[in-house]
Amino acid sequence: MKHDDLFARACAVIPGGVNSPVRAFGSVGGTPVYVASGKGAAITTCDGRTLTDFCCSWGAMILGHAHGEVIEAVRCQAGLGTTFGINTAIEVELAERLCALVPCMERVRLVNSGTEAVMTALRLARGVTGRNRIVKFDGCYHGHSDSMLVAAGSGVLTGGITSTPGVPPEVAHDTFVVPYNDLDAVTALMQEIGDSVAAIIVEPVVGNMGLVQPKPGFLQGLRGLADTHGAALIFDEVITGFRFGLSTYAQMTGIRPDLITLGKVIGGGLPLAAVGGTAAFMDNLAPVGKVYQAGTLSGNPLAVAAGLKTLEILERDNPYPRMAALGQRLADAVNANAALPHCAHFGGAFTIFFAPAPVTNLTDAKRSDTQAYARHFHRALDAGIYLPPAQFEAAFISAAHTEADIDALADAVCAEEV
């Protein structure tokens, strides 16, 4: 099947032809790719090409596509039933596993998407504190709930939209945006409005304006400011949770947020996310508390089975050091070239920035040459490599990638412009 034909058919029945905006190739041009199947580090497109995949379903496929043990776990569960809307034993098992691996999560509620997890965390923070205002960071993306689409990153940034029609002004009024990595700006804002702030929410390592790491002391400073002003600290770890090690970034760095959102890796490739945190916050959720949240498919047994098996394999095989080494191999190869681009990486996540200097915040990221990235994207695609179709997205290395895959990507990135 030709991609042009599929996209034309899609545009007739799906807004913009896609079910998530970045898939439309709006920032890189050309016809979107359609995938027929995937195995390991490779995907096969509907027009018969095989591509090495560095999108990995935006980080979810940490073991690679169609991992045999995960597929078997899902198959076995499907034979028992796909959904019940009733409690199951395996959702208890997954909740116990998550709480054991993330000790600062004393309670956890399973949901279906990162957006839903963030929405629940914000509602909890407001319900517990009795306050309405939220502090977030320019370029961080926390899903598409109303208050989080103010100066957001990811696909919203790629589309050149910093807020969106349909978000009531009163919602935007209660969301305050400061530059990522600027602790002084947060301090000044909290001194002004801190007694009305319900929560500070942050991606501890940003993945949605490209990969950007926190400056030393930044996250610790946020913890201190939240404590001083009686606000909740929320770490959005939908991307970072279990991506760099068998826990959260919070656990790795010794910082204890009040609430954490998880997604992607914990679902093993199926729709699953979670919000967790201290009992003092989480026990305010219904049915024990007054903050309401519900979902028919929450704790869906197929997703839970995939997530449990993925965590089991990650613990057994520990692919994290190898993925980090592959990330370093890529960065070393790309950054050995004094000219653009620059590879920012942490563990098995990276971004190829066409920016004139290292990126530490959204202002730096916006200096990127997005047209150069678009040319680079298509050059890599021609070489059989699939990267995120936007400059402002993180790319991912899975346990299935090889040194040869990394070297091929480095060669494509460093090739001379035609």
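Could you grab the relative contact order for the chain? Cα pairs under 8 Å, six or more apart, rounded to a whole percent. Display every interim value, and only then the final one.
On the way: 857 pairs, mean separation 93.2, N = 418.
Reported relative contact order: 22 percent.
Tell me what the chain gives for mean residue ellipticity at 222 nm when only DSSP H runs of n ≥ 4 count, each as -39,500 (n - 2.57), the sum divided by the residue total, rounded to 500 deg cm²/dmol. Provide the component values of the computation, followed by the final result.
On the way: 15 runs with 157 residues, N = 418.
So the calculated ellipticity at 222 nm is -11000 deg cm²/dmol.
With only Lys, Arg, Asp and Glu charged, each at its Cβ (+1 for the first two, -1 for the last two), find how big the charge dipole of the chain is about the Cα centre; round to the nearest 20 debye. Provide the component values of the computation, followed by the final result.
On the way: 28 positive and 39 negative charges, 106 e Å.
Using Cβ point charges on Lys, Arg, Asp and Glu, the chain gives about 500 debye.
Counting Lys and Arg as +1 and Asp and Glu as -1, each charge on the Cβ, what is the dipole of the range 338-418 about the Cα centre in debye, to the nearest 20? List each step's numbers first, then the result.
Details: 4 positive and 10 negative charges, 69 e Å.
Taking the Cα centre of the range 338-418 as origin, the dipole is about 340 debye.
Which of the pairs LYS2/LYS366; LYS215/LYS290; LYS264/LYS366; LYS309/LYS366 have their Cα atoms more than 29 Å apart in this structure?
Working: LYS2/LYS366 34 Å; LYS215/LYS290 38 Å; LYS264/LYS366 26 Å; LYS309/LYS366 39 Å.
The answer is LYS2/LYS366; LYS215/LYS290; LYS309/LYS366.
Would you mind calculating the gained length between THR253 and ARG375 on full extension (0.36 nm times residue separation, minus the Cα-Cα distance), in nm to one decimal?
On the way: separation 122, 0.36 × 122 = 43.92 nm, distance 3.72 nm.
Roughly 40.2 nm would be gained on extension.
Which percent of the accessible area of the range 140-283 is formed by carbon and sulfur heavy atoms (probe 1.4 angstrom)?
On the way: 2540 of 4660 Å².
In the range 140-283, the share of accessible area belonging to carbon and sulfur is 54 percent.
Report ³J(HN,Hα) in whole Hz for each residue of the range 361-371, in order, from the Karplus equation J = 6.51 cos²θ - 1.76 cosθ + 1.60 where θ = phi - 60°; Gly and Pro get x.
7, 5, 4, 4, 4, 6, 7, 5, 8, 5, 5
Ignoring ligands, DNA and RNA, please state the percent of accessible area on the range 68-122 from carbon and sulfur, probe 1.4 Å. Write down the numbers at each step before the final one.
Values: 1580 of 2700 Å².
With neighbouring chains kept in place, the figure for the range 68-122 is 59 percent.
Shape verdict for the range 15-172, please, from the Cα gyration tensor: rounded (a/c under 1.5), prolate (a/b greater than b/c) or oblate. Don't jump to the answer; show the numbers that get you there.
Working: a/c = 2.23, a/b = 1.09, b/c = 2.06.
In terms of gyration-tensor shape, oblate.
For the range 42-118, what does the alpha-carbon gyration tensor say about shape, rounded, prolate or oblate, given a ≥ b ≥ c as the root eigenvalues, a/c under 1.5 as rounded, and a/b over b/c as prolate?
Since a/c reaches 1.5 and a/b is larger than b/c, the shape of the range 42-118 is classed as prolate.
Please list the radius of gyration and Dmax for the chain, considering alpha-carbon atoms only, with Å as the unit.
20.8, 63
When the chain is fully extended, how far beyond the present Cα-Cα distance does ASN132 get from LYS290, taking 0.36 nm per residue of separation?
Numbers: separation 158, 0.36 × 158 = 56.88 nm, distance 1.64 nm.
Contour length minus the Cα-Cα distance gives 55.2 nm.
Give me the distance in nm between label points sitting 7 Å out from Cα along the Cα-to-Cβ direction at ARG49 and CYS76, one decimal.
3.9 nm
Could you point to the residue in GLY85, VAL13, GLY68 farthest towards the positive end of the range 3-100's charge dipole, with +1 and -1 charges on the Cβ of Lys/Arg and Asp/Glu respectively?
Farthest towards the positive end: VAL13.
Let me check I've understood the local charge: for THR240, count other residues with C-beta under 15 angstrom from its C-beta, Lys and Arg +1, Asp and Glu -1. What total comes out? Don't skip to the answer; put the middle values down first.
Details: positive: ARG243, LYS264; negative: GLU203, ASP236, GLU237, GLU393.
Local charge sum for THR240: -2.
If we count every other residue with Cβ under 12 angstrom of THR45's Cβ, Lys/Arg +1 and Asp/Glu -1, where does the sum land?
0
Please give the contour-minus-distance gain from ASP283 to ASP317: 0.36 nm per residue of separation, less the Cα-Cα distance, rounded to one decimal in nm.
Working: separation 34, 0.36 × 34 = 12.24 nm, distance 3.47 nm.
Taking ASP283 through ASP317 to full extension adds about 8.8 nm, to one decimal.
Please report, as a whole percent, how much of the solvent-accessible surface of the range 316-413 comes from carbon and sulfur atoms (probe radius 1.4 Å). Mind showing how you got there, number by number?
On the way: 1980 of 3770 Å².
Percent of accessible area from carbon and sulfur atoms in the range 316-413: 52.
How large is Rg over Rh for the range 1-80, taking Rg from the Cα atoms and Rh as the Kirkwood inverse mean of 1/r across Cα pairs?
On the way: Rg = 14.8 Å, Rh = 14.3 Å.
The Rg/Rh ratio comes out at 1.04.
What are the semi-axes of the equivalent ellipsoid of the range 157-242, taken as the square roots of 5 times the eigenvalues of the Cα gyration tensor, listed largest first and rounded to whole Å?
21, 19, 12
How big is the dipole moment of the range 273-359 about its Cα centre under a simple scheme where the beta carbon of each Lys and Arg is +1, that of each Asp and Glu is -1, and everything else is neutral? Debye, nearest 20, please. Please list the in-between numbers first.
Working: 5 positive and 5 negative charges, 16 e Å.
Using Cβ point charges on Lys, Arg, Asp and Glu, the range 273-359 gives about 80 debye.
7 Å from Cα along Cα→Cβ at both GLU170 and ALA408: what's the point-to-point distance in nm?
Between GLU170 and ALA408, the simple spin-label model gives 5.5 nm.
Please state the relative contact order of the range 197-248 as a whole percent: Cα pairs under 8 Å, 6+ residues apart? Don't skip to the end; give the middle numbers.
On the way: 51 pairs, mean separation 23.4, N = 52.
Value for the range 197-248: 45 percent.
With r as the distance between the Cβ atoms of GLU93 and LYS2 and R0 = 51 Å, compute the FRET efficiency 1/(1 + (r/R0)^6) and round to 0.05. Could the numbers behind the result be given before it?
Working: r = 45 Å, r/R0 = 0.88.
Taking R0 as 51 Å, the efficiency between LYS2 and GLU93 is 0.70.
Quick check on the range 213-319: take the gyration tensor over C-alpha atoms, sort the square-rooted eigenvalues as a ≥ b ≥ c, and tell me if it's rounded (a/c under 1.5), prolate or oblate.
Numbers: a/c = 2.69, a/b = 1.18, b/c = 2.28.
Here the range 213-319 falls in the oblate category.
Taking the Cβ of GLY268 as the center, what net charge do the other residues with Cβ under 11 Å away carry, scoring Lys and Arg +1 and Asp and Glu -1? Working shown, then result.
Numbers: positive: LYS264, LYS309; negative: GLU69, GLU312.
That works out to 0.
The values are calculated or read from the model by the stated rules, or taken from the named source; none is laboratory data. Fair warning: this is a prediction, and the values are worked out from it, not measured in the lab. When we count neighbours, we look across all protein chains shown, and the Cβ atoms used for this are built from the backbone with ideal geometry, even at glycine. When the accessible area is computed, the model is the full protein with side chains, heavy atoms only, and any ligands, DNA or RNA have been set aside. Shrake-Rupley method; radii C 1.70, N 1.55, O 1.52, S 1.80 Å.
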